[in-house]
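> Just dropping this structure here.
The values are calculated or read from the model by the stated rules, or taken from the named source; none is laboratory data. Since this is a predicted model, take the numbers as computed values, not measurements. Positions of Cβ are backbone-derived with ideal geometry, glycine not excepted, and every protein chain shown enters the neighbour counts. Calculation scope for accessible area: heavy atoms of the full protein, side chains included, ligands and nucleic acids excluded. Shrake-Rupley method; radii C 1.70, N 1.55, O 1.52, S 1.80 Å.
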Amino acid sequence: MNIRLLVFREIRFNLGGFTAGVLAIFLSLISYLIAGSINADLRINTSKKLQLMNSELNEEVTALEDGIRKSMKGLGFNIYIYPENQDLSAVYERGYGDKTMPENYVSKLANSKIIHINHLLPRLTEMVDWSEKDRSVLLIGVRGEVPIAYRGPNIKKPLINPVKEGSIVLGYELHHAYGLKVGDKVNFLDDEYTVSITHKRRGTVDDISLWMNLSLVQKILNKEDKINTILALECNCESLDRLGEIRNEIHKILPETKIIEKESRALARAEARNLTKFTGEKQIQNFLQSKKELIHIQSIFSFGFVIIICILCSFWISHLTISNINQRLIEIGTFTAIGFGGKKIMILILSRVLLMGLIGGMLAVLLFVITCPNVFGYDVYKNVTNNFSFIIIVLIAPLTLAVMSAWIPVLRAVLKDPVDVLRND
Amino acid sequence: MIKESNLVKNIKPFVTAKKISKSYGNNNSVVVLNNISIDLFREEFLSISGPSGCGKTTLLMILGCLMNPDNGEVKIDNFNPYKKKSSDRAKIRSEFIGFIFQDFKLIPYLNVMENIRCSALPLGQISDNDKLEKLLSILKLDHRRLHVPSQLSAGEKQRTAIARAMITSPRFILADEPTGNLDEENTEIVLKALRDYSNNNGSVLMVSHDTNIECFTDRHLKMSAGGFEEK
Ligand SMILES: Nc1ncnc2c1ncn2[C@@H]1O[C@H](COP(=O)(O)OP(=O)(O)OP(=O)(O)O)[C@@H](O)[C@H]1O
Ligand SMILES: [Mg+2]
């Protein structure tokens, strides 16, 4: 004979009320576990979808990058080097720069160990009035190619030969309008020159351009030892950020310059790749954001729901305990008369409540362990159970809920004067 | 009349109540016990009779360490239980006192044996099987030992309650109208059991509104509203 036996006998005697209490605890815990599973399910699906989206985007971007690499392969690209203070909008507007830099910049480059650039062409350009013909022309002073010193003189055939002193090269508009041919003499700003080359129509500013020897142009324009751009041709760089790399390289030698790339197909593709990557990432971000909000809202609702269930169950348990105690008032009075202290009586009633919590909790966990992997999948099951708070909640919450719900009625029963129920009526 | 043996052997009573008063209600408007004194000696079977509502049960509760009197002093074996903590009073009840009620107050979910044994629980004792068997046989409960109260007759219930009060061999038994719900035959069994108990080193205080009980007991007191009648 011991307290345990009393508790078990009483439970058997009042099985209905006890079962109802077990059910209340079971419902509370199982609703928590279901809510946790639903939320974990959403979280896991979202991260899977996110992974898929990321890998799709990566594939797409990689394909574009491959395209860029292919189109760049073996094909050099061209850049312009301007003085640092050159306003680039003026360059885009007029087609040439108006600021100058020392001509020896080109020799600095040529004497360096630059690896990405193959040809260096310094220029001095300015729009001038061709007073003899009464029109504006783009006067371009060129020096021909400046050989890159460390590579030796004849590694590559020069792309452009210099214009000899006394010679002049004319764009399409300029020779066509005045019927000039190679070998003809022509006056330009009070001096006579021989036409050495006439260009075909290009449909660009080249058509109204006039090429002369650089030093001559410097003299004409009063800009001795000055140039306003260096054209670097057939630059080779395999990396995607080729412009960045060349900029780095040139800036180490000529820090006071500005580098831009001449438009190219590769450039357009790189832009497309950047755009794809940007919009893809943006899409992923939007998806993530909306899912995050959904997860947030869902967890608020589901746990709100769980809390409501727990509160209802708590009332339920407390009601069950009150009616159990009311039924047992004579019994409690009798135990008091026999010599049970308040503590023993409390243990007697609370053990019943604790057992409710224990059995209800165990049933809920059992049902969860059996059904969750089938209903939500093993990932969700693992996510919910591989969690420290899960263990704590499963171990403690059912018991705490049961005891807390029953606490006040139990305390009232213990503090009640037993004499009232012991008086014979 | 006080048993001769008590006068010789135990001049000092085992339980005494001196000038006890108890009132109920708002502002203590219902005066139930008014300045009454009573002694219970060793091996004495004392009965108290009186009309309904005169305060018999109230007196038993006070002597049974269940209700503090408003005034006066209770002493059990020379100490005042109301000067102790309630947990100590519970211990005194389990060690010294056995209760018997008119309506039995058996635990509904325990069978006869368990009901009897449960009073040994607070003492942390494992109840003595020989004693249990003896009680079952004396009180004619052998064949009912595994029955729960709802399956018992009133007499069987009261016999079970008596066995429960006696299993721990308390120093005294407080019986509140133990025969109130019983037929003649069972009344006789109960009274005999109490008589035997008082003959064997225990004391019994039995209250009843039935004045006929006095012929079974060592000493009898008549109670009227508030106190004892002068004899
Ligand atoms: N809590 C209470 N409040 C007010 N009055 C009470 C209370 N408890 C008991 N009484 C009154 O005290 C008086 C004595 O009660 P008690 O139960 O001691 O009488 P009794 O002699 O045992 O009666 P009975 O023979 O009917 O059992 C009764 O009049 C009862 O109504
Ligand atoms: Mg009474």
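> Which aspartates and glutamates, if any, have their Cα less than 20 Å from the Cα of residue B:131, not counting same-chain residues under 8 positions apart?
B:43, B:95, B:114, B:142, B:156, B:196
> So which lysines pass the test for residue A:185, namely a Cα distance under 20 Å, with those fewer than 8 places away in the same chain ruled out?
Counting by Cα, and skipping residues close in sequence, residue A:185 has these lysines nearby: A:133, A:164, A:200.
> Rolling a 1.4 Å sphere over the protein heavy atoms, what is the accessible area per residue of the protein assembly as shown, to the nearest Å²?
51
> Restricting the count to DSSP beta bridges whose residues both fall in chain A, what percent are antiparallel, rounded to a multiple of 5?
75
> Relative contact order for the range A:77-263 using alpha-carbon pairs under 8 Å, separation at least 6, rounded to a whole percent?
In percent, rounded to a whole number, it is 36.
> Report, in whole Å, the centroid distance computed from the Cα atoms of the range B:18-64 and the range A:354-373.
Centre-to-centre (Cα) distance: 54 Å.
> Can you name the helices of chain A, as whole DSSP H runs, whose Cα span along the helix axis is 20 Å or more and whose Kyte-Doolittle mean is not below 1.6?
The answer, listed by residue number, is A:342-375, A:388-415.
> By the gyration tensor of its Cα atoms, with a ≥ b ≥ c the square roots of the eigenvalues, what is the shape of chain A: rounded for a/c under 1.5, prolate for a/b over b/c, or oblate?
prolate
> Other chains near B:108-121: what is the mean number of their Cβ atoms within 10 Å of each residue's Cβ?
Mean inter-chain Cβ contacts per residue within 10 Å come to 5.
> Further, regarding this structure: When a/c reaches 1.5 or more, the comparison of a/b and b/c decides; with that in mind, is the range B:5-109 rounded, prolate or oblate per its Cα gyration tensor?
Rounded is the answer for the range B:5-109, as its axis ratio a/c remains below 1.5.
> Calculate how many DSSP beta bridges within the range A:77-263 are antiparallel, expressed in % of all such bridges and rounded to the nearest 5.
Around 75 percent of the beta bridges assigned by DSSP in the range A:77-263 are antiparallel ones.
> A further question follows. For every helix of n ≥ 4 consecutive DSSP H residues, a contribution of -39,500 (n - 2.57) applies; sum these over chain A, divide by its total residues, and give [θ] at 222 nm rounded to the nearest 500 deg cm²/dmol.
Mean residue ellipticity at 222 nm (helix-derived): -21000 deg cm²/dmol.
> Arrange the peptides B:20-31, B:63-74, A:116-127 so that the one whose residues have, on average, the most other Cβ atoms within 10 Å appears first.
A:116-127, B:63-74, B:20-31
> Does the range A:77-263 classify as rounded, prolate or oblate by the C-alpha gyration tensor (a ≥ b ≥ c root eigenvalues; a/c under 1.5 gives rounded; else a/b over b/c gives prolate, otherwise oblate)?
In terms of gyration-tensor shape, prolate.
> Only sites in a loop by DSSP and with at most 14 other Cβ atoms within 10 Å count here; which trypsin sites (Lys or Arg not before Pro) in the range B:122-199 make the cut?
Sites meeting the loop and neighbour criteria: B:140.
> Here is a further query. Among the listed pairs A:99/A:258; B:19/B:75; B:91/B:222; A:416/B:84; A:258/A:282; A:344/B:19, which are separated by more than 22 Å between their Cα atoms?
B:91/B:222; A:258/A:282; A:344/B:19
> Which angle from 0 to 90°, rounded to the nearest 10, does the C-alpha axis of helix B:129-138 make with the longest principal axis of chain B?
Helix B:129-138 and the main axis of chain B meet at about 80 degrees.
> Go through the range B:51-92 and name the trypsin sites (Lys or Arg not before Pro) that are in a DSSP coil and have 13 or fewer other Cβ atoms within 10 Å of their Cβ.
Sparse-neighbourhood loop trypsin sites (Lys or Arg not before Pro): B:85.
> Output the 0 to 90 degree angle, nearest 10, between the alpha-carbon long axis of helix B:154-166 and the longest principal axis computed from the alpha carbons of chain B.
70
> I would also like to ask the following. Which aspartates and glutamates does residue B:18 reach when only Cα atoms under 18 Å apart count, and residues fewer than 8 places away in its own chain are ignored?
B:39, B:70, B:73, B:77, B:229, B:230
> Once B and A are treated as a pair rather than alone, how much accessible area drops out, both sides summed, in Å² to 100, probe 1.4 Å?
So the buried area, both faces added, is about 2400 Å².
> How about the range A:166-261: which GluC sites (Glu not before Pro) there lie in a loop by DSSP and see at most 15 other Cβ atoms within 10 Å?
Answer by residue number: A:224, A:238, A:256.
> Ok, one more. Carbon and sulfur together cover what percent of the accessible area of the range A:77-263 at a 1.4 Å probe radius?
48
> Moving on to the next point. For the range B:181-226 and the range A:117-134, what is the centre-to-centre distance using only Cα atoms, to the nearest Å?
140
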